[in-house]
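Taking it in order: structure first as structure tokens, then the write-up.
The values are calculated or read from the model by the stated rules, or taken from the named source; none is laboratory data. Fair warning: this is a prediction, and the values are worked out from it, not measured in the lab. Here the Cβ positions follow ideal geometry from the backbone for every residue, glycine too, while neighbour counts run over all protein chains shown.
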Amino acid sequence: MFLENPLNVSAWTFPILEVLHISSFAITIGTVALVNFRLLGLGLREQSAGQLTKDTSTTTLISLSVALFSGLLLYSTDPDKFYLNVSFLFKITCLVLAILFHYTVYRKVVLAGSSAALGRLVAVISIALWGGVVFGGIFIEFVKPGLGFD
Amino acid sequence: MFISLAIWLQNTGLFRALRESDHGYEILLALHVSAITMFAATVVMTDLRLLGWALRGHSIESVVNQLRWPKRIGFLCVATFGFLMFGMKAEEYYYNVFFRAKVVLFLLVAVHALIFRPGVYNRAAAPVGVKLAAACSLVLWLAIVCAGRGIGYIHAPVFSHHFALLIGR
């Protein structure tokens, strides 16, 4: 027996979840970007990157949780559409790597106040991974369905 | 008047070329959203500080002043990519109710600035109205995200509008 996903009952659920998802990932990636730009010597130079990370980490974590939760709900409305989409797989790969990197290597380097060169390196990796998440997410709607291996 | 301007705009060389490109619109959209992340962080961190929910270790003045230029540059990036997308489909956008709502919301952002800039954002001391300013700002920008996403859900019936215009004449 097939059960209807309650999220698919109303036409409004998907757009509302999507807006919640966009707003929350924007805050997540944006707060990380503030630290990244600081590591590259741009933007908020009055405090160290470590201090900036401490200042923004709660906002980052809360918005990341909302983004992940709303993302799972969005996924559940039509799983087939997503897991058979090459852009979605790219996005999720980038996302897992971005989160792992953020809470391990990145955090350690930034909080330890390591050398500027190392700081720039982790900033570039972080920007590339989070940027991959955004680009992968946008292109879900625009790539051909299927894994594109035909 | 606006519609003839929109049609002229989308037929200029730049937008014609963008429209004929393979993935111009999608790439601009991804850049637009990437820039939104940076702009959103500056707006939200400023407003959260005004509300007293984040960055409590820093003064309001320091947060507002430090984030002012990153915010302006972020908005410039968002607006540039947004305008390029608009220009590609100016005529469709003109008829898109969410696009019209978004234009109105931007006018409200200007009104917000006129009301709160002198008393809140440009002043060191924290007068009454700080939290109201922050709350209004967050609500406005969230509404703009809603309207922005909404644009993509509507495929404007450009042809039926043209038909009506022709009959009208």
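If you check B:Leu31, B:Leu9, B:Leu14, B:Leu18 for being under 15 Å from B:Gly82 (Cα atoms), within 15 Å of the chain's Cα centre (by Cα) and assigned to a helix (DSSP H, G or I), only one passes: B:Leu31. Residues in the stretch B:11-30 that are in contact (Cβ under 8 Å) with a residue 12 or more places away in the chain and within 9 Å of chain A (Cβ to nearest Cβ): B:Tyr25, B:Leu29. Only residues that are hydrophobic (A, V, I, L, M, F, W, C) and in contact (Cβ under 8 Å) with a residue 60 or more places away in the chain were counted in the stretch A:68-96, giving 4. Within the stretch A:119-134, the set of residues being within 10 Å of chain B (Cβ to nearest Cβ) and surrounded by fewer than 20 Cβ atoms within 10 Å (Cβ to Cβ) comprises A:Ile127, A:Gly131.
Evaluated against (1) under 24 Å from B:Asp22 (Cα atoms); (2) within 11 Å of the chain's Cα centre (by Cα), A:Ser126 falls short on exactly one condition, (1). Going by what's in this entry, would A:Leu97 be described as part of a helix (DSSP H, G or I), closer than 30 Å to A:Pro6 by Cα, within 18 Å of the chain's Cα centre (by Cα) and not small (Gly, Ala, Ser)? The answer is no for A:Leu97. Residues that are at pLDDT 90 or above and either more than 14 Å from B:Cys136 (Cβ to Cβ) or in contact with a helix residue (DSSP H, G or I) (Cβ under 7 Å, 6 or more places away or on another chain) (or both) within the stretch B:108-120 comprise B:Leu108, B:Val109, B:His112, listed in sequence order. Checked against (1) at pLDDT 90 or above; (2) closer than 30 Å to B:Arg68 by Cα, B:Gly129 passes all but condition (1). Could you tell me whether any residue of the stretch B:41-64 is within 12 Å of chain A (Cβ to nearest Cβ), out of contact with any strand residue (DSSP E or B) (no Cβ under 9 Å at 6 or more places or on another chain), outside any helix (DSSP H, G or I) and in contact (Cβ under 8 Å) with a residue 24 or more places away in the chain? For the stretch B:41-64, residues within 12 Å of chain A (Cβ to nearest Cβ), out of contact with any strand residue (DSSP E or B) (no Cβ under 9 Å at 6 or more places or on another chain), outside any helix (DSSP H, G or I) and in contact (Cβ under 8 Å) with a residue 24 or more places away in the chain: present. The residues of the stretch A:7-46 include none that are without any contact (Cβ under 8 Å) to a residue 24 or more places away in the chain, in contact with a helix residue (DSSP H, G or I) (Cβ under 8 Å, 6 or more places away or on another chain), more than 8 Å from chain B (Cβ to nearest Cβ) and farther than 28 Å from A:Gly132 by Cα. On inspection, B:Ile36 passes the criterion of being among the β-branched types (Val, Ile, Thr), surrounded by 18 or more Cβ atoms within 10 Å (Cβ to Cβ) and either under 20 Å from A:Val19 (Cβ atoms) or more than 14 Å from chain A (Cβ to nearest Cβ) (or both). Within the stretch A:37-85, the set of residues being touching a Pro at 6+ places or on another chain (Cβ under 9 Å) and either β-branched (Val, Ile, Thr) or within 30 Å of A:Ser115 (Cβ to Cβ) (or both) comprises A:Phe37, A:Leu42, A:Gly43, A:Leu44. With the structure loaded, tell me whether B:Ile7 is surrounded by fewer than 23 Cβ atoms within 10 Å (Cβ to Cβ), touching a Phe, Trp or Tyr at 6+ places or on another chain (Cβ under 9 Å) and more than 11 Å from chain A (Cβ to nearest Cβ) or whether it fails that test. It is true that B:Ile7 is surrounded by fewer than 23 Cβ atoms within 10 Å (Cβ to Cβ), touching a Phe, Trp or Tyr at 6+ places or on another chain (Cβ under 9 Å) and more than 11 Å from chain A (Cβ to nearest Cβ). The residues in the stretch A:58-117 that are within 24 Å of A:Ile140 (Cα to Cα) and of a type in the set (D, E, K, R) can be counted, and the count is 4.
Scanning the stretch B:77-91 finds one or more residues that are within 30 Å of A:Lys54 (Cα to Cα), crowded, with 20+ Cβ neighbours inside 10 Å and within 14 Å of another protein chain (Cβ to nearest Cβ). Being part of a helix (DSSP H, G or I) and either surrounded by fewer than 16 Cβ atoms within 10 Å (Cβ to Cβ) or more than 11 Å from chain B (Cβ to nearest Cβ) (or both): is that true of A:Val110 here? Criteria met by A:Val110.
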